[in-house]
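I have placed the structure first, in the form of structure tokens, so that the comments after it can refer back to it.
Only the coordinates and a few stated rules stand behind these numbers; no lab work does. These figures come from a predicted structure and were not determined experimentally. No Cβ is skipped: glycine too gets one built from the backbone with ideal geometry, and neighbour counts run over all protein chains shown.
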Amino acid sequence: MEIEPLGDSALIVRVVDEFETDPEASLNTVLRVFRCLEAAAIPGVIELAPAYRTVAVFYDPARIARTELTPSPFESLTAEIESALQNQSAGRGEGAPPRTVEIPVCYDLEFALDLAQVAAYAGMSELEVVRRHSSARYRVNCVGFTPGFPYLTGLPAELATPRRATPRTEIPAGSVAIGGAQTGIYPTKSPGGWNVIGRTPLRLFDHQREPPAILRAGDRITLRQISREEFDSLRQ
Amino acid sequence: MNVTVASAGFLTSVQDLGRTGFRQSGVSSGGALDAHAMRVANALVGNDDNAAGLEATLGRLRLRFEDECIVAWCGGAFTVRIGDEDLPPGHAGLVRAGDELVVAAPNEGSRAWLAISGGVEVPLVLGSRATDLRGNFGGYEGRTLRDGDMLPLFKERRFPSRRGKDGDLEIAAPWVSEWSAPTPWAATAHRDRFLRIVRGASWDRFTPDAQTSLVTASFTVTPDSDRMGARLDGPNLDRIDSGDLLSEAVAPGTLQVPPSGQPILLLGDCQTIGGYPKIAHVITVDLPIAAQLWPGDRIRFREVALAEAQQLLLEREDDFARFRIGLDLHRSS
């Protein structure tokens, strides 16, 4: 584990060296560090953000307690983080098991703008793409880029499809898409280059809700294929 | 208690010091691109640091006041008038009922932060009154201001002391304070734009030529720049390796380098995570200069140690605390 500065008011705890070898274990380790630092509530820390193999710590240097041994806020906070993580590894480690969230997805052609391209690239029928995509098990690696956007691992390797050469200027909210080896869901209308193969009626992000995002890092995700009628009835 | 937006100008939005606590849901900090300028302006009118004010881009803003208020602003080289009276940056000024405040186009720099006593009364959304222009929430209906908008103000005021012998406010003459905030805080547009940087996590992934170019060459701000980031045009910053990086946190001030080799300086509305290598970060005390950049501006970078960057920030925070105490003493005298 390494701790390195992210400018003068944030730092990054690099929890694992390699993510891809064992994404499941890597994510669990990162989330353990995230929860431990959350519980430590170190004065001067403003917020935390986990992503893949790192946990970012945003802080106010003026509110970090300094000592003679650690004259700079970065050094002091690094020492506090290391000590918080050592105490954790001595004590209990696991925390709550991840939640499982079911996301209904309609794969009707009206929503599946790029399903034909994905099927052609994978060399299988559109029905087969939908069957494999909707029966796979996914996990949220992190939420970010835009508010509420979940980066999911677990896409069956045969469905990996390169991003579109020219990104769409507008992808509708709720679009379920494949970008390279990843799959994700656009919470709000936005530009994007991923291949759209379906749409969920759920609002993944709503600023009037607390918390505003349905999904958080670590969640297990199952997709449930729904009809156009059910899509309309579930629409939020 | 309302302010009417007679002319909304080029791009004006309600901002405070930004939104914290939702980064893990992908919500960026946002807020005034120069949070320090917003804070100083708020202090000048007797507001809390985090009161909501206005961020005016390129000026051309006209506001009409229904009630007497104290106003102050900090930022680029703008001319601001209350009626016919000049209101220089970093000074407090009295606006009387019916007065018009005009922020003209800037001679240099691009943005100004205007504080109004009481603060703009818009609902807290996810703990902040800042407008998230990408997510279309917060601020005034989640959008930039338009001509004719009515901005409500909080009634609670802590006016600077300017009462007459009988205790009444002396409102006969236009009033602009003689005292002011330190000029480097109030007027932040500079002809020589040297931004100090600390090394980023990916510094060693760049060629020695790239590392040298970053601190010797000049970079020009390109037109596709906004509150998310300033795109820069300069010598290509080439990497040693070309492997993909896993996405991780970025922050305002981060200098990230996409495959084109042309760096992007991230600003307050930047995304929460990114996968491009981070060659360096502009230090927090120099973000006010970054917040004034406009297409065509040229900038240079100079490297400092992290300990120095943090020391400069701690000194500024001490100075700001003293400034606030000084203002309070002045008001109660």
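Tabulated data
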{"item": "Fraction in percent of alpha-carbon pairs per bin - 10 Å, chain A", "result": "7, 29, 30, 19, 11, 3, 0"}
{"item": "Calculated log₁₀ intensity ratio I(q)/I(0) where the Debye formula runs over C-alpha points of the protein assembly as shown, q = 0.08, 0.12 Å⁻¹", "result": "-0.59, -1.22"}
{"item": "Built amide H within the under 5 Å cut-off of B:GLU68, gap 5+", "result": "B:ALA97"}
{"item": "Crossing angle, helix A:73-90 versus chain A [Cα axis fit, 0-90 degrees, rounded to tens]", "result": "80"}
{"item": "Chain B: projected area of the alpha-carbon convex hull, averaged over directions, in nm²", "result": "16.6"}
{"item": "14 Å beta-carbon shell around A:ASP17, net charge (K/R +1, D/E -1)", "result": "-4"}
{"item": "Paired Rg and Dmax values of segment B:1-113, which use every Cα atom, in angstrom", "result": "14.1, 48"}
{"item": "Cut-off 11 Å between beta-carbons: net charge of the residues surrounding B:GLY98, Lys and Arg +1, Asp and Glu -1", "result": "-3"}
{"item": "Gain in span if fully extended, B:ARG146 to B:LEU124, counting 0.36 nm per residue against the direct Cα distance", "result": "5.9 nm"}
{"item": "FRET E, pair B:SER218, B:ASN107, Förster distance 25 Å, beta-carbon r, rounded to 0.05", "result": "0.75"}
{"item": "Whole-angstrom Cα spans of segment B:241-297 along principal axes, big to small", "result": "34, 23, 17"}
{"item": "Where a label projected 7 Å from the Cα of B:ARG331 along Cα→Cβ would reach, residues of segment B:84-104 with amide N under 20 Å", "result": "B:88-97"}
{"item": "Segment A:118-236: projected area of the alpha-carbon convex hull, averaged over directions, in nm²", "result": "7.3"}
{"item": "Partner chain coverage, peptide A:137-148 - average Cβ within 10 angstrom", "result": "5"}
{"item": "Segment A:149-199 - Rg over Rh from alpha carbon coordinates, Kirkwood radius", "result": "0.94"}
{"item": "Peptide-level mean, for A:51-57, of C-beta atoms on other protein chains within 10 Å", "result": "5"}
